[in-house]
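A.B. asks: Mind looking over this structure? Questions follow.
The values are calculated or read from the model by the stated rules, or taken from the named source; none is laboratory data. Note that the structure is a prediction, hence the values are computed from the model and not measured. Backbone-built Cβ (ideal geometry, glycine too); neighbour counts: all protein chains shown.
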Amino acid sequence: MTEDDDLKTFFSREIEASMDNLYGTAMRLAGSGADAEDLVAESVSKAWSAIETLQDRRSFRPWVFRILHNCFISKYRRDAVRPAESRLEENDEEGLAALLNEQPDEFLVWWANPERQFFNSMLGSAIMAAINNLPDSFRLTIALVNIEGLTYDEAAQVLGVAPGTIRSRMKRGRTLLQKALWQQARDAGLAATNDNNGNAE
Amino acid sequence: MNSDKSSHEHDDIGCLEAIEAFYTYLDGELSDPQAIADFEHHMSHCRSCFSRAEVERLLNRRMRETGTSKAPDELRSRVRRLLDEF
């Protein structure tokens, strides 16, 4: 087998193995199935064209996700209908404590003693809706880490940010997600009000 | 664990510090053995943080179960055709 054949075999195998994750991420970026399919196909073409820039084969996954993300930014983002980046993104370096201070006391009490039954009964679609309503940077970071299984370092490479930014986004994004789920629970009458001792009323 | 601490000694990191480490721990990104030991020690005696961690683990599982997409067969075929052309 020539070196080119070996490279092509490696590339094809890795693309096949990453296909579901690439499509899932493309869906989150582009928002529709047809656009997501175009985005994946374009990214695969660009990745093969740039294969010489892959310095370590073990880094294939973040490398190809990064290409997908860049493809989206350069071509699709102008037409996307995602909400604007949240002001929270601009304040990533601020501590989680500041964010927690913005939360209603009732939420903090509930979060300290959440009803497991609520999470067991919550539909997956409701959880995904809550994720999809997060600001872009948090939504994408949580999806890359918690759904697609990337490490913080890999997610940082994909999004072109420092690993510390991923840590910050995870803390803030997951706290916002908890708050959104709490509000859903309240709206559905599923979240009991807890007293200060953590006892459900 | 640091060599200057016995296996029974842990910093009492408190809930705020535990919350700061919450996701790095649950996502397997907390690498310092002492920080892991201190976090787990806090979990062992703090009902609130333990309860939060359990719910976060449950939420992680639900996200993976429901958020994972399957690429359509048409896309797989399209990409295979592309790969054949390379």
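A.B. asks: Farther than 21 Å from A:ASN132 by Cβ and surrounded by 17 or more Cβ atoms within 10 Å (Cβ to Cβ): which single residue out of A:MET19, A:MET27 fits that description? Show your work before the answer.
C.D. replies: Working: A:MET27 fails: farther than 21 Å from A:ASN132 by Cβ.
Testing whether each residue is farther than 21 Å from A:ASN132 by Cβ and surrounded by 17 or more Cβ atoms within 10 Å (Cβ to Cβ) leaves just A:MET19.
A.B. asks: Looking at B:ASP38, B:ASP32, B:ASP84, which is the one that is touching a His at 6+ places or on another chain (Cβ under 9 Å), modelled with pLDDT of 85 or more and of a type in the set (Asp, Glu)?
C.D. replies: Details: B:ASP32 fails: touching a His at 6+ places or on another chain (Cβ under 9 Å); B:ASP84 fails: touching a His at 6+ places or on another chain (Cβ under 9 Å).
Exactly one residue qualifies, and that residue is B:ASP38.
A.B. asks: If you don't mind, there's one more thing I want to ask. I'd like to know if the range B:63-78 contains one or more residues that are under 14 Å from the mean Cα position of the chain (by Cα) and under 30 Å from A:ALA126 (Cα atoms).
C.D. replies: At the first step, the residues of the range B:63-78 found to be under 14 Å from the mean Cα position of the chain (by Cα) are B:63-64.
Right, trim to under 30 Å from A:ALA126 (Cα atoms) and you get B:63-64.
Within the range B:63-78 (the criterion being under 14 Å from the mean Cα position of the chain (by Cα) and under 30 Å from A:ALA126 (Cα atoms)), the answer is yes, since at least one residue qualifies.
A.B. asks: Just one of (1) within 19 Å of A:ALA180 (Cα to Cα); (2) more than 7 Å from every other protein chain (Cβ to nearest Cβ) trips up B:SER77, so point out which.
C.D. replies: Unmet condition: (1).
A.B. asks: Kindly provide the set of residues from the range A:9-33 that are more than 10 Å from every other protein chain (Cβ to nearest Cβ) and in contact (Cβ under 8 Å) with a residue 24 or more places away in the chain, ordered by number.
C.D. replies: Hits for the range A:9-33 are A:PHE10, A:GLU14, A:LEU29, A:ALA30, A:GLY31.
A.B. asks: For the condition among the polar types (S, T, N, Q) and either under 16 Å from A:ARG61 (Cβ atoms) or not in a helix (DSSP H, G or I) (or both), what is the one hit in A:GLN157, A:GLN178, A:GLN184?
C.D. replies: On inspection, the qualifying residue turns out to be A:GLN157.
A.B. asks: Same structure, new question: Return the residue satisfying two criteria in turn: it lies in the range A:6-16 and is crowded, with 16+ Cβ neighbours inside 10 Å and not hydrophobic (A, V, I, L, M, F, W, C), and of such residues it is farthest from the chain's Cα centre (by Cα). Step through it out loud before you land on a result.
C.D. replies: Applying the first criterion (crowded, with 16+ Cβ neighbours inside 10 Å) to the range A:6-16 yields A:7-8, A:11-12, A:14-15.
Restricting the remaining residues to those that are not hydrophobic (A, V, I, L, M, F, W, C) gives A:8, A:12, A:14.
Values: A:LYS8: 30, A:SER12: 25, A:GLU14: 21 Å.
Step by step, filter the range A:6-16, then rank; the result is A:LYS8.
A.B. asks: Now for a different question. For residues that are surrounded by fewer than 19 Cβ atoms within 10 Å (Cβ to Cβ) and in a helix (DSSP H, G or I), scanning just the range A:131-143, find the one that is farthest from the other protein chains (Cβ to nearest Cβ). It would help to see each step written out before you state the result.
C.D. replies: Step one: of the range A:131-143, the residues surrounded by fewer than 19 Cβ atoms within 10 Å (Cβ to Cβ) are A:132-133, A:136.
Then keep just the ones that are in a helix (DSSP H, G or I); that gives A:132, A:136.
Working: A:ASN132: 10, A:ASP136: 16 Å.
Looking at residues that are surrounded by fewer than 19 Cβ atoms within 10 Å (Cβ to Cβ) and in a helix (DSSP H, G or I), I get A:ASP136.
A.B. asks: Continuing with the same structure: Pairs needed: first member in the range B:41-69, free of Cβ contacts under 8 Å to residues at least 12 places away in the same chain and within 7 Å of chain A (Cβ to nearest Cβ); second member anywhere, among the small types (Gly, Ala, Ser) and buried (at least 19 other Cβ atoms within 10 Å of the Cβ); C-beta distance under 6 Å; at least 6 residues apart or different chains.
C.D. replies: B:SER69/A:GLY24
A.B. asks: Check A:GLY160, A:GLY124, A:GLY149 and return the single one that is free of Cβ contacts under 8 Å to residues at least 12 places away in the same chain and either in contact with a helix residue (DSSP H, G or I) (Cβ under 9 Å, 6 or more places away or on another chain) or under 20 Å from A:LEU29 (Cβ atoms) (or both). Reasoning before the result, please.
C.D. replies: Values: A:GLY160 fails: free of Cβ contacts under 8 Å to residues at least 12 places away in the same chain; A:GLY149 fails: free of Cβ contacts under 8 Å to residues at least 12 places away in the same chain.
Exactly one of A:GLY160, A:GLY124, A:GLY149 is free of Cβ contacts under 8 Å to residues at least 12 places away in the same chain and either in contact with a helix residue (DSSP H, G or I) (Cβ under 9 Å, 6 or more places away or on another chain) or under 20 Å from A:LEU29 (Cβ atoms) (or both), namely A:GLY124.
A.B. asks: Here is a list of conditions, (1) under 17 Å from the mean Cα position of the chain (by Cα); (2) modelled with pLDDT under 95; (3) of a type outside the set (Lys, Arg), and A:GLU3 meets all of them except one; can you say which number that is?
C.D. replies: Failed condition: (1).
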